[in-house]
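A short worksheet on the structure shown next.
Throughout, read-outs are computed from the coordinates displayed, never taken from laboratory work. In this text, all values refer to a predicted model and were calculated from it rather than measured experimentally. Positions of Cβ are generated from backbone atoms using ideal geometry, with glycine treated the same way; all protein chains shown enter the neighbour counts.
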Amino acid sequence: MEAIGFELVRRGYDRHEVDAYISTLFATKSPVPPPQFRIAWRGYDRERVDTSLADLRRRYGA
């Protein structure tokens, strides 16, 4: 899996949910849309995740 690396911020996306979705995306090469990620006290920067996931989904044909 290629490294993406997201900054941790307050009120970001749940890290475990984002990591699981990205792992699934790489494992299946499936362009399924991401779920509604929960907001965590310390999570991944939402704007960065949204931008990166949109790029990945385009790459995989979504």
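With the requirement that a residue be more than 19 Å from residue 8 (Cα to Cα) and aromatic (Phe, Trp, Tyr), what does region 18-54 give you? Hit for region 18-54 is 26, nothing else. For region 24-46, the set of residues classified as in a helix (DSSP H, G or I) and more than 10 Å from the chain's Cα centre (by Cα) consists of 24, 26, 27, 28, listed by residue number.
Considering only residues that are surrounded by fewer than 16 Cβ atoms within 10 Å (Cβ to Cβ) and closer than 20 Å to residue 5 by Cβ, which ones fall in region 15-38? Matches in region 15-38: 16, 19, 20, 23, 24, 26, 27.
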